[in-house]
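To keep things clear, I will list the structure first and then write my remarks on it.
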Amino acid sequence: MRRVYLDNNATTPALPEVLEAMRPYFAEQFGNASSIHHHGQQTRAAVERARESVAELLGCRAAEVVFTSGGTEADNLALFGLVEKGDHVVTSTIEHHAVLNSAKRLEEMGCEVTYVPVDGQGRVDPEDVRRALRPNTKFISVMMANNETGVLQPVEEIGKIAAEADVYFHTDAVQAAGKVPIDVERIGCDLLSISGHKMHAPQGTGALYVRKGTLLRPLFYGGNHERSRRAGTENVPGIIGLGKAAEMAVAALAAGEMERLGALRDRIQTTLLESIEATGVNGEGAPRVPTTTNIYFDFIEGEAMVIALDLKGLAISTGAACSSGAIEPSHVLTAIGLRPERARASLRFSLGKQNTAEDVDFALSVLPEAVARLRELSPVYKKQEAAAPTKAK
Ligand SMILES: Cc1ncc(COP(=O)(O)O)c(C=O)c1O
(Lines give C-alpha, C1' and ligand atoms only; values in the text may rest on other atoms or scores of the structure.)
Protein backbone atom coordinates (compact mmCIF):
# COMPACT_ATOMS: atom_id res chain seq x y z
CA MET A 1 0.00 0.00 0.00
CA ARG A 2 1.27 3.43 -0.90
CA ARG A 3 1.84 5.67 2.12
CA VAL A 4 2.27 9.42 1.90
CA TYR A 5 3.32 11.43 4.93
CA LEU A 6 2.15 15.05 5.09
CA ASP A 7 2.50 15.51 8.86
CA ASN A 8 5.98 17.01 9.00
CA ASN A 9 5.08 19.53 11.71
CA ALA A 10 4.64 16.52 14.01
CA THR A 11 8.03 15.11 13.07
CA THR A 12 10.26 14.70 10.02
CA PRO A 13 12.34 11.75 8.85
CA ALA A 14 16.09 12.17 9.33
CA LEU A 15 17.73 12.86 5.97
CA PRO A 16 20.10 10.12 4.71
CA GLU A 17 23.06 12.54 4.95
CA VAL A 18 22.14 13.24 8.58
CA LEU A 19 22.12 9.53 9.39
CA GLU A 20 25.46 9.06 7.63
CA ALA A 21 27.01 11.92 9.59
CA MET A 22 25.80 10.39 12.86
CA ARG A 23 26.79 6.80 12.17
CA PRO A 24 30.46 6.88 13.30
CA TYR A 25 29.53 8.45 16.64
CA PHE A 26 27.65 5.40 17.91
CA ALA A 27 30.59 3.02 17.97
CA GLU A 28 33.88 4.01 16.30
CA GLN A 29 34.05 7.54 17.68
CA PHE A 30 32.30 6.90 20.95
CA GLY A 31 34.38 9.07 23.28
CA ASN A 32 32.87 11.20 26.02
CA ALA A 33 33.28 14.78 24.82
CA SER A 34 34.48 15.74 28.32
CA SER A 35 37.39 13.24 28.31
CA ILE A 36 40.84 14.69 27.72
CA HIS A 37 42.22 11.69 25.82
CA HIS A 38 42.16 11.14 22.06
CA HIS A 39 38.64 9.62 22.02
CA GLY A 40 37.15 12.49 23.96
CA GLN A 41 38.96 15.14 21.96
CA GLN A 42 37.79 13.66 18.68
CA THR A 43 34.18 13.79 19.86
CA ARG A 44 34.59 17.27 21.37
CA ALA A 45 35.82 18.61 18.02
CA ALA A 46 32.80 17.11 16.25
CA VAL A 47 30.37 18.58 18.82
CA GLU A 48 31.96 22.00 18.39
CA ARG A 49 31.69 21.75 14.60
CA ALA A 50 27.98 20.95 15.01
CA ARG A 51 27.65 23.97 17.30
CA GLU A 52 29.14 26.14 14.55
CA SER A 53 26.60 24.80 12.06
CA VAL A 54 23.66 25.53 14.37
CA ALA A 55 25.09 29.00 15.05
CA GLU A 56 25.23 29.64 11.32
CA LEU A 57 21.58 28.65 10.95
CA LEU A 58 20.59 31.11 13.69
CA GLY A 59 23.04 33.92 12.96
CA CYS A 60 24.67 33.74 16.38
CA ARG A 61 28.02 32.82 17.91
CA ALA A 62 28.77 29.15 18.53
CA ALA A 63 29.26 29.86 22.25
CA GLU A 64 25.66 31.07 22.42
CA VAL A 65 24.24 27.64 21.43
CA VAL A 66 23.21 25.25 24.23
CA PHE A 67 22.33 21.73 23.10
CA THR A 68 19.19 20.26 24.70
CA SER A 69 17.01 17.18 24.37
CA GLY A 70 14.59 19.04 22.11
CA GLY A 71 12.22 21.96 21.79
CA THR A 72 10.38 21.28 25.04
CA GLU A 73 13.57 21.36 27.09
CA ALA A 74 14.79 24.48 25.28
CA ASP A 75 11.51 26.27 26.05
CA ASN A 76 11.60 25.13 29.69
CA LEU A 77 15.23 26.17 30.07
CA ALA A 78 14.42 29.62 28.72
CA LEU A 79 11.42 30.23 30.98
CA PHE A 80 12.55 28.57 34.20
CA GLY A 81 16.13 29.72 33.67
CA LEU A 82 15.24 33.39 33.96
CA VAL A 83 11.85 33.90 35.55
CA GLU A 84 11.54 34.08 39.33
CA LYS A 85 8.71 34.37 41.84
CA GLY A 86 7.11 37.81 41.64
CA ASP A 87 8.11 38.35 38.00
CA HIS A 88 5.58 39.11 35.28
CA VAL A 89 5.69 37.23 31.98
CA VAL A 90 3.98 38.07 28.69
CA THR A 91 3.21 35.26 26.27
CA SER A 92 0.48 34.47 23.73
CA THR A 93 -2.60 32.25 23.69
CA ILE A 94 -1.32 30.25 20.70
CA GLU A 95 2.00 29.03 22.08
CA HIS A 96 2.89 25.37 22.06
CA HIS A 97 2.15 23.55 25.31
CA ALA A 98 5.89 23.48 26.03
CA VAL A 99 5.54 27.22 26.70
CA LEU A 100 1.90 27.39 27.83
CA ASN A 101 2.22 24.68 30.47
CA SER A 102 5.54 26.11 31.64
CA ALA A 103 3.80 29.48 32.02
CA LYS A 104 1.02 27.80 34.04
CA ARG A 105 3.64 26.28 36.31
CA LEU A 106 5.25 29.70 36.74
CA GLU A 107 1.87 31.05 37.83
CA GLU A 108 1.67 28.28 40.45
CA MET A 109 5.12 29.34 41.60
CA GLY A 110 3.98 32.91 42.23
CA CYS A 111 4.60 34.62 38.89
CA GLU A 112 2.07 36.64 36.95
CA VAL A 113 1.43 35.78 33.32
CA THR A 114 -0.44 37.75 30.65
CA TYR A 115 -1.59 35.77 27.63
CA VAL A 116 -2.00 38.18 24.71
CA PRO A 117 -4.67 37.23 22.16
CA VAL A 118 -4.33 36.83 18.38
CA ASP A 119 -6.39 38.31 15.56
CA GLY A 120 -8.54 36.39 13.08
CA GLN A 121 -5.44 35.46 11.08
CA GLY A 122 -3.70 34.01 14.12
CA ARG A 123 -1.22 36.88 14.58
CA VAL A 124 -0.21 38.59 17.78
CA ASP A 125 -0.44 42.40 17.67
CA PRO A 126 2.90 43.74 18.96
CA GLU A 127 1.01 46.68 20.48
CA ASP A 128 -0.86 44.19 22.70
CA VAL A 129 2.52 42.98 23.92
CA ARG A 130 3.57 46.57 24.62
CA ARG A 131 0.32 47.28 26.48
CA ALA A 132 0.77 44.15 28.59
CA LEU A 133 4.14 45.31 29.96
CA ARG A 134 4.30 46.15 33.67
CA PRO A 135 7.10 47.45 35.85
CA ASN A 136 7.85 43.88 36.99
CA THR A 137 7.76 42.32 33.49
CA LYS A 138 10.87 40.17 33.15
CA PHE A 139 10.19 38.04 30.12
CA ILE A 140 8.29 37.95 26.83
CA SER A 141 7.82 34.64 25.01
CA VAL A 142 6.13 34.70 21.61
CA MET A 143 6.67 31.96 19.05
CA MET A 144 8.13 32.61 15.60
CA ALA A 145 5.86 30.23 13.64
CA ASN A 146 2.77 28.47 14.88
CA ASN A 147 2.83 24.68 14.67
CA GLU A 148 -0.83 24.34 13.66
CA THR A 149 -1.35 27.15 11.16
CA GLY A 150 2.26 27.93 10.17
CA VAL A 151 1.48 31.63 10.76
CA LEU A 152 4.60 33.72 11.33
CA GLN A 153 4.50 36.12 14.25
CA PRO A 154 5.84 39.70 14.16
CA VAL A 155 8.87 38.76 16.23
CA GLU A 156 11.08 41.61 15.01
CA GLU A 157 8.58 44.21 16.21
CA ILE A 158 8.22 42.38 19.51
CA GLY A 159 12.01 42.23 19.79
CA LYS A 160 12.15 46.03 19.51
CA ILE A 161 9.49 46.45 22.18
CA ALA A 162 11.37 44.08 24.48
CA ALA A 163 14.64 45.95 23.92
CA GLU A 164 13.02 49.33 24.61
CA ALA A 165 11.51 48.00 27.83
CA ASP A 166 14.69 46.12 28.79
CA VAL A 167 12.80 42.83 29.08
CA TYR A 168 14.12 39.41 28.01
CA PHE A 169 12.62 38.14 24.77
CA HIS A 170 12.36 34.43 23.98
CA THR A 171 10.96 33.00 20.77
CA ASP A 172 10.07 29.39 20.11
CA ALA A 173 11.38 28.93 16.56
CA VAL A 174 10.84 25.16 16.51
CA GLN A 175 8.49 25.38 13.52
CA ALA A 176 10.40 28.13 11.76
CA ALA A 177 13.94 26.71 11.72
CA GLY A 178 14.96 25.57 8.27
CA LYS A 179 11.75 26.93 6.73
CA VAL A 180 12.42 30.67 6.87
CA PRO A 181 15.73 32.48 7.45
CA ILE A 182 16.49 33.11 11.12
CA ASP A 183 18.76 35.85 12.39
CA VAL A 184 18.75 36.39 16.13
CA GLU A 185 20.17 39.91 15.68
CA ARG A 186 17.34 40.96 13.38
CA ILE A 187 14.76 39.40 15.67
CA GLY A 188 16.42 41.00 18.65
CA CYS A 189 15.73 38.00 20.88
CA ASP A 190 17.77 36.91 23.89
CA LEU A 191 16.70 33.28 23.66
CA LEU A 192 15.45 31.12 20.79
CA SER A 193 14.44 27.45 20.79
CA ILE A 194 14.81 24.90 18.01
CA SER A 195 14.09 21.17 17.78
CA GLY A 196 16.01 18.66 15.67
CA HIS A 197 13.15 16.39 14.70
CA LYS A 198 11.19 19.19 13.04
CA MET A 199 14.07 19.79 10.66
CA HIS A 200 15.17 16.31 9.57
CA ALA A 201 17.48 15.55 12.51
CA PRO A 202 16.61 12.86 15.07
CA GLN A 203 13.97 13.12 17.79
CA GLY A 204 15.37 14.04 21.20
CA THR A 205 17.71 16.75 19.92
CA GLY A 206 17.43 20.51 20.04
CA ALA A 207 19.11 23.71 21.08
CA LEU A 208 18.54 26.98 22.85
CA TYR A 209 20.24 30.15 21.66
CA VAL A 210 21.25 32.17 24.73
CA ARG A 211 22.51 35.69 24.07
CA LYS A 212 25.99 36.29 25.45
CA GLY A 213 25.83 37.66 28.97
CA THR A 214 22.40 36.17 29.77
CA LEU A 215 22.69 34.50 33.15
CA LEU A 216 20.56 31.40 32.99
CA ARG A 217 19.79 29.07 35.91
CA PRO A 218 20.17 25.48 34.70
CA LEU A 219 17.28 23.03 34.85
CA PHE A 220 19.56 20.13 35.83
CA TYR A 221 22.44 20.03 38.28
CA GLY A 222 25.47 17.91 37.51
CA GLY A 223 28.67 18.42 35.57
CA ASN A 224 29.79 21.60 33.86
CA HIS A 225 28.59 20.55 30.42
CA GLU A 226 27.44 23.19 27.96
CA ARG A 227 29.25 25.89 29.98
CA SER A 228 27.23 24.90 33.05
CA ARG A 229 23.97 25.72 31.32
CA ARG A 230 22.89 22.11 30.72
CA ALA A 231 24.40 19.34 32.81
CA GLY A 232 24.60 15.82 31.43
CA THR A 233 26.89 13.97 29.03
CA GLU A 234 26.14 15.23 25.55
CA ASN A 235 24.02 13.19 23.14
CA VAL A 236 26.89 13.19 20.66
CA PRO A 237 25.27 11.33 17.72
CA GLY A 238 22.15 13.48 18.12
CA ILE A 239 24.17 16.69 18.25
CA ILE A 240 26.12 15.67 15.13
CA GLY A 241 22.78 14.93 13.41
CA LEU A 242 21.39 18.33 14.42
CA GLY A 243 24.55 20.02 13.15
CA LYS A 244 24.32 18.25 9.80
CA ALA A 245 20.60 19.07 9.49
CA ALA A 246 21.34 22.73 10.27
CA GLU A 247 24.06 22.80 7.62
CA MET A 248 21.68 21.24 5.10
CA ALA A 249 18.88 23.62 6.07
CA VAL A 250 21.10 26.63 5.34
CA ALA A 251 22.02 25.16 1.93
CA ALA A 252 18.41 24.21 1.12
CA LEU A 253 17.13 27.69 1.98
CA ALA A 254 19.74 29.18 -0.37
CA ALA A 255 18.94 26.65 -3.11
CA GLY A 256 15.22 27.48 -3.19
CA GLU A 257 13.94 24.27 -1.58
CA MET A 258 11.30 26.23 0.32
CA GLU A 259 9.98 27.71 -2.94
CA ARG A 260 9.50 24.15 -4.21
CA LEU A 261 7.64 23.11 -1.04
CA GLY A 262 5.67 26.38 -1.00
CA ALA A 263 4.41 25.66 -4.51
CA LEU A 264 3.35 22.15 -3.47
CA ARG A 265 1.59 23.55 -0.39
CA ASP A 266 -0.19 26.14 -2.51
CA ARG A 267 -1.33 23.45 -4.93
CA ILE A 268 -2.85 21.42 -2.09
CA GLN A 269 -4.62 24.49 -0.81
CA THR A 270 -5.92 25.85 -4.12
CA THR A 271 -7.08 22.48 -5.41
CA LEU A 272 -8.91 21.56 -2.22
CA LEU A 273 -10.58 24.94 -1.91
CA GLU A 274 -11.68 24.88 -5.53
CA SER A 275 -12.92 21.32 -5.60
CA ILE A 276 -14.56 20.98 -2.19
CA GLU A 277 -17.29 23.31 -0.96
CA ALA A 278 -17.53 24.74 2.56
CA THR A 279 -13.77 24.87 3.01
CA GLY A 280 -11.32 27.63 3.91
CA VAL A 281 -7.78 28.28 5.11
CA ASN A 282 -7.17 29.02 8.78
CA GLY A 283 -4.77 31.95 8.98
CA GLU A 284 -5.44 32.94 5.37
CA GLY A 285 -3.68 36.11 4.29
CA ALA A 286 -1.13 36.02 7.10
CA PRO A 287 2.55 35.39 6.38
CA ARG A 288 3.17 31.69 6.92
CA VAL A 289 5.98 29.17 6.67
CA PRO A 290 5.85 27.70 3.14
CA THR A 291 5.33 24.13 4.31
CA THR A 292 2.07 24.33 6.24
CA THR A 293 -1.60 24.84 5.51
CA ASN A 294 -4.51 24.35 7.86
CA ILE A 295 -7.87 23.92 6.15
CA TYR A 296 -11.38 23.57 7.55
CA PHE A 297 -13.85 21.22 5.88
CA ASP A 298 -17.17 22.11 7.49
CA PHE A 299 -19.42 19.22 8.52
CA ILE A 300 -16.64 16.71 9.04
CA GLU A 301 -15.03 15.47 12.24
CA GLY A 302 -11.27 15.98 11.91
CA GLU A 303 -10.32 12.91 13.93
CA ALA A 304 -12.59 10.69 11.80
CA MET A 305 -11.01 12.18 8.69
CA VAL A 306 -7.48 11.47 9.93
CA ILE A 307 -8.44 7.83 10.47
CA ALA A 308 -10.24 7.56 7.11
CA LEU A 309 -7.25 9.03 5.28
CA ASP A 310 -4.81 6.85 7.19
CA LEU A 311 -6.69 3.80 5.92
CA LYS A 312 -6.10 5.11 2.41
CA GLY A 313 -2.40 5.69 3.10
CA LEU A 314 -2.32 9.43 3.76
CA ALA A 315 -0.94 10.74 7.06
CA ILE A 316 -2.06 14.22 8.11
CA SER A 317 -3.15 15.72 11.42
CA THR A 318 -5.88 17.65 13.16
CA GLY A 319 -3.43 19.79 15.09
CA ALA A 320 -0.38 19.55 17.30
CA ALA A 321 0.88 16.00 17.59
CA CYS A 322 1.29 16.51 21.31
CA SER A 323 -2.43 17.11 21.76
CA SER A 324 -3.65 14.46 19.33
CA GLY A 325 -6.01 12.06 21.07
CA ALA A 326 -7.54 14.97 22.96
CA ILE A 327 -11.11 15.67 21.90
CA GLU A 328 -10.90 19.30 22.91
CA PRO A 329 -10.80 21.60 19.88
CA SER A 330 -7.39 23.10 19.21
CA HIS A 331 -6.54 26.04 21.49
CA VAL A 332 -4.84 27.73 18.54
CA LEU A 333 -7.85 27.56 16.23
CA THR A 334 -10.29 28.65 18.93
CA ALA A 335 -7.95 31.54 19.78
CA ILE A 336 -8.22 32.64 16.14
CA GLY A 337 -11.96 32.78 16.68
CA LEU A 338 -13.11 29.54 15.04
CA ARG A 339 -16.23 28.08 16.57
CA PRO A 340 -15.53 24.63 18.11
CA GLU A 341 -17.19 22.67 15.27
CA ARG A 342 -15.06 24.41 12.65
CA ALA A 343 -11.91 23.95 14.73
CA ARG A 344 -12.73 20.23 14.98
CA ALA A 345 -13.32 20.13 11.21
CA SER A 346 -9.84 21.48 10.47
CA LEU A 347 -6.92 19.51 9.09
CA ARG A 348 -3.23 20.35 8.98
CA PHE A 349 -1.12 19.47 5.96
CA SER A 350 2.61 19.92 6.52
CA LEU A 351 5.34 19.17 4.03
CA GLY A 352 8.95 18.10 4.45
CA LYS A 353 11.97 17.85 2.18
CA GLN A 354 11.20 14.22 1.30
CA ASN A 355 7.82 15.16 -0.22
CA THR A 356 7.35 15.18 -3.98
CA ALA A 357 4.76 16.40 -6.49
CA GLU A 358 3.54 12.78 -6.69
CA ASP A 359 2.84 12.82 -2.94
CA VAL A 360 0.64 15.85 -3.45
CA ASP A 361 -1.12 14.20 -6.43
CA PHE A 362 -1.86 11.23 -4.20
CA ALA A 363 -3.22 13.39 -1.37
CA LEU A 364 -5.43 15.27 -3.79
CA SER A 365 -6.70 12.04 -5.28
CA VAL A 366 -7.93 10.62 -1.96
CA LEU A 367 -9.18 13.72 -0.15
CA PRO A 368 -12.34 14.79 -2.02
CA GLU A 369 -13.90 11.35 -1.78
CA ALA A 370 -13.04 10.99 1.91
CA VAL A 371 -14.63 14.37 2.67
CA ALA A 372 -17.75 13.50 0.65
CA ARG A 373 -18.13 10.19 2.51
CA LEU A 374 -17.86 11.74 5.93
CA ARG A 375 -20.27 14.50 4.99
CA GLU A 376 -22.79 11.88 3.86
CA LEU A 377 -22.75 10.63 7.43
CA SER A 378 -23.25 14.10 8.88
CA PRO A 379 -26.85 14.87 9.85
CA VAL A 380 -26.07 18.61 9.92
CA TYR A 381 -24.68 18.52 6.39
CA LYS A 382 -27.71 16.60 5.10
CA LYS A 383 -30.09 19.06 6.73
CA GLN A 384 -28.50 22.12 5.21
CA GLU A 385 -28.09 20.38 1.86
CA ALA A 386 -31.82 19.72 1.80
CA ALA A 387 -32.48 23.35 2.67
CA ALA A 388 -30.15 24.75 0.00
CA PRO A 389 -29.15 22.20 -2.64
CA THR A 390 -26.60 24.52 -4.28
CA LYS A 391 -24.44 25.95 -1.59
CA ALA A 392 -22.19 28.90 -1.80
CA LYS A 393 -18.66 28.33 -0.56
C1 LIG B 1 6.22 25.16 18.31
C2 LIG B 1 6.74 23.97 19.05
N3 LIG B 1 7.45 24.15 20.16
C4 LIG B 1 7.95 23.13 20.85
C5 LIG B 1 7.74 21.82 20.46
C6 LIG B 1 8.33 20.71 21.26
O7 LIG B 1 9.50 20.21 20.64
P8 LIG B 1 10.05 18.76 20.99
O9 LIG B 1 9.09 17.78 20.39
O10 LIG B 1 11.41 18.71 20.36
O11 LIG B 1 10.12 18.66 22.47
C12 LIG B 1 6.98 21.57 19.32
C13 LIG B 1 6.66 20.20 18.90
O14 LIG B 1 5.60 19.93 18.36
C15 LIG B 1 6.47 22.68 18.58
O16 LIG B 1 5.76 22.50 17.47
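The values are calculated or read from the model by the stated rules, or taken from the named source; none is laboratory data. Since the model is a prediction, treat every value here as computed from it, not as a measurement. Glycine also receives a Cβ, built like all others from the backbone with ideal geometry; neighbour counts cover every protein chain displayed. Heads up: the accessible areas ignore ligands, DNA and RNA and are worked out on the full protein's heavy atoms, side chains in. Shrake-Rupley method; radii C 1.70, N 1.55, O 1.52, S 1.80 Å.
Things to note:
- Gaussian network model of the chain, springs between alpha carbon atoms under 10 Å - residue of Pro287, Pro154, Pro24 with greatest fluctuation: Pro24
- Spin-label pair Glu185/Lys382, simplified geometry with 7 Å Cα→Cβ offset, distance in nm: 6.4
- GNM result for the chain, Cα springs below 10 Å: residue of Glu376, Glu73, Glu341 fluctuating most strongly: Glu376
- Entry comment: accessible area of the chain is 42 Å² per residue, from protein heavy atoms only and a probe of 1.4 Å.
- Projecting label points 7 angstrom from Cα along Cα→Cβ for Arg131 and Asp166 puts them 2.6 nm apart.
- Helix axis angle, 155-165 relative to the chain longest principal axis, alpha carbon, degrees: 50
- Arg23 accessible area, assembled protein chains, probe 1.4 Å, Å²: 130
- Between 0 and 90 degrees, the angle of helix 302-312 with respect to the longest Cα principal axis of the chain falls at about 90 degrees.
- Here the Karplus relation 6.51 cos²θ - 1.76 cosθ + 1.60, evaluated at θ = phi - 60°, turns the backbone of the range 276-287 into coupling constants of 10, 6, 6, 10, x, 9, 7, x, 4, x, 7, x Hz, with x for every Gly and Pro.
- Dipole magnitude of the chain about its Cα centre (Cβ charges: Lys, Arg +1; Asp, Glu -1), debye to nearest 20: 280
- Relative protection proxy for 161-169, 378-386, from highest mean packing down: 161-169, 378-386 (other beta-carbon atoms within 10 angstrom).
- The chain, accessible surface, carbon-and-sulfur percent (1.4 angstrom probe): 54
- Counting only heavy atoms of the protein chains and using a 1.4 Å probe, Phe362 has close to 30 Å² of accessible surface.
- Computing FRET efficiency as 1/(1 + (r/R0)^6) for Tyr221 and Gln29, where r is the C-beta to C-beta distance and R0 is 25 Å, gives about 0.30.
- Sequence ranges 172-185, 301-314, ranked by mean other-Cβ count within 10 angstrom, highest first: 172-185, 301-314
- Label-point separation, His97 to Leu19 (7 Å along Cα→Cβ), nm: 3.0
- Ranked packing of 132-140, 342-350, 91-99, 25-33, most packed first, by mean Cβ within 10 Å: 342-350, 91-99, 132-140, 25-33
- Candidates Val151, Pro368, Ser102 compared by Cα position along the dipole of the chain: farthest toward the positive end lies Ser102, with charges placed on Cβ.
- Between the range 17-70 and the range 278-321, the alpha-carbon center distance in angstrom: 37
- For the chain, the share of DSSP beta bridges that are antiparallel, to the nearest 5, is 50%.
- Rounded to whole numbers, the Karplus 3J(HN,Hα) couplings from phi for the range 33-38 are 4, 8, 6, 8, 7, 3 Hz, using 6.51 cos²θ - 1.76 cosθ + 1.60 with θ = phi - 60°, and x at Gly and Pro.
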